[in-house]
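The values are calculated or read from the model by the stated rules, or taken from the named source; none is laboratory data. None of the values given here were measured: they were computed from a predicted structure. Surface areas here come from the heavy atoms of the whole protein model, side chains and all, with no ligands, DNA or RNA. Shrake-Rupley method; radii C 1.70, N 1.55, O 1.52, S 1.80 Å.
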Amino acid sequence: LVLPCRSISSPSESPLESSVALRRHLLKQQKSLEITQHTTSSILGTSRPFQNSAKKVIKEHPEVDCLINNAAVQKPLDINNFDLQSTDQEIDINIRGPMHLTIGFLEHLKSKEAATIINISSLLGYIPTSIINPVYNATKA
């Protein structure tokens, strides 16, 4: 099982806490969980870090049979000081990130008897109640 997450250095983030709890649960069942980390600067402008991450995980853990796309960023939007580069980065991480990771693992997962890809979305994609981050809402729809 591969679980891409936002940050491994900040244990207060709920995605990490969830992944740590999931890892403990899987270890009790004698299964493993590989947590991969992608920072904003490592994935922008190229799909290579995603491809390299997928290749590395597959090489080190050929038993991988599940990918959970969980990574995302959420930035407030200030329409009076609109930052197009920041918006592009948010779209790259939230939309292109899961797509590139999925493609990176797809051939390997197709070789497994039973494999799964899970994409984590957000309620804000369906009920965009937060008006300060419409880009995030749109990327999670």
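Could you work out how much longer the chain between ASP88 and SER111 gets when fully extended? Use 0.36 nm per residue separation minus the Cα distance between them, nm to one decimal.
4.9 nm
How much accessible surface area, in Å² rounded to 10, belongs to the heavy atoms of LYS75 with a 1.4 Å probe?
50 Å²
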